[in-house]
1. When the residues of the range 142-157 are narrowed to those that are part of a loop (DSSP other than H, G, I, E, B) and modelled with pLDDT of 90 or more, which ends up farthest from Val101 (Cα to Cα)?
2. Anything in the range 125-160 that is surrounded by fewer than 17 Cβ atoms within 10 Å (Cβ to Cβ) and closer than 17 Å to Ile88 by Cβ? List them, or say none.
3. Pick from Ser63, Ser116: which is surrounded by 15 or more Cβ atoms within 10 Å (Cβ to Cβ), modelled with pLDDT of 85 or more and in the same structural domain as Pro186 (by TED's automatic domain parsing)?
4. Looking at Val75, Val56, which one is at pLDDT 80 or above, surrounded by 13 or more Cβ atoms within 10 Å (Cβ to Cβ), under 18 Å from Ile184 (Cβ atoms) and β-branched (Val, Ile, Thr)?
5. Counting only residues that are within 21 Å of Ile168 (Cα to Cα), touching a residue at least 24 places away in the same chain (Cβ under 8 Å) and not in a strand (DSSP E or B), how many does the range 70-91 have?
6. What's the number of the only condition in (1) part of a loop (DSSP other than H, G, I, E, B); (2) of a type outside the set (A, V, I, L, M, F, W, C); (3) at pLDDT 90 or above; (4) on the phi < 0 side of the Ramachandran plot that Ser130 fails to meet?
Amino acid sequence: MKKKKELAAPTVDQIRAELHKEQYKSDYGRILRSTIYSLLVVAAAAALIAVLVLPVLQISGTSMTDTLMDGDVVVALNGSAYKTGDIIAFYYNNNILIKRVIATPGDWVDIDEEGSVFVNGEKLEEPYISEKALGDCNITLPYQVPDGRNFVMGDHRATSIDSRNSVIGCISDELVIGKIIFRIWPLSEAGWLTSSR
């Protein structure tokens with residue numbers, strides 16, 4: 001009969017080394033889990049901010065040229081008060097449109113045959129448009145903006161379909177996504193967008 005080989009008892013140094021290895025594994029796993037949880041929280045917070053506070057939008061179409069071009073990427077800021085000259089994004093028939101606020105609730109809007117815009121009897125200074133046009137206008141002028149709504153127009157007046165046409169009309173505050181504040185693309189044009197170009 002063969003004798004079974006007896007296992008030697010581990011030394012204190014071996015036990016310490018094994019404990020150190022197990023402790024390292026435990027610490028590594030804890031740090032890894034903590035890092036993953038932190039990254040998930042940061043990603044979720046960034047997504048919420050991007051959707052609720054600072055939506056990022058891509059311009060599609062030419063109604064805002066020369067201020068915003070087809071393909072530009074912009075950031076909007078959610079808010080509730082908009083003033084004449086602000087560029088806003090809003091929902092319309094499952095699309096997002098971007099136009100400029102011309103008049104706010106209670107204001108009277110008039111547009112002459114040459115395309116000059118008057119709000120409350122005063123001609124608007126519009127340095128952001130390259131040419132004036134009456135455009136596709138089927139509303140009765142002068143027109144008073146209803147409560148809770150904004151009268152908007154595109155900067156490319158000849159082609160823009162906007163509040164001058166009853167199909168779109170004045171934009172309800174509930175449909176507004178936010179005020180366009182910054183262009184992030186193309187990089188050569190990146191920068192803050194103000195009420196005047």
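The values are calculated or read from the model by the stated rules, or taken from the named source; none is laboratory data. This is a predicted model, so every value here is computed, not measured. Neighbour counts run over all protein chains shown; Cβ positions are idealised from the backbone, glycine included.
1. Among residues in the range 142-157 that are part of a loop (DSSP other than H, G, I, E, B) and modelled with pLDDT of 90 or more, the one farthest from Val101 (Cα to Cα) is Pro142.
2. The answer is Pro146, Gly148.
3. Values: Ser116 fails: surrounded by 15 or more Cβ atoms within 10 Å (Cβ to Cβ).
Going through Ser63, Ser116 in turn, just one is surrounded by 15 or more Cβ atoms within 10 Å (Cβ to Cβ), modelled with pLDDT of 85 or more and in the same structural domain as Pro186 (by TED's automatic domain parsing): Ser63.
4. Numbers: Val56 fails: at pLDDT 80 or above.
Among Val75, Val56, only Val75 is at pLDDT 80 or above, surrounded by 13 or more Cβ atoms within 10 Å (Cβ to Cβ), under 18 Å from Ile184 (Cβ atoms) and β-branched (Val, Ile, Thr).
5. 6
6. The failed condition is (3).
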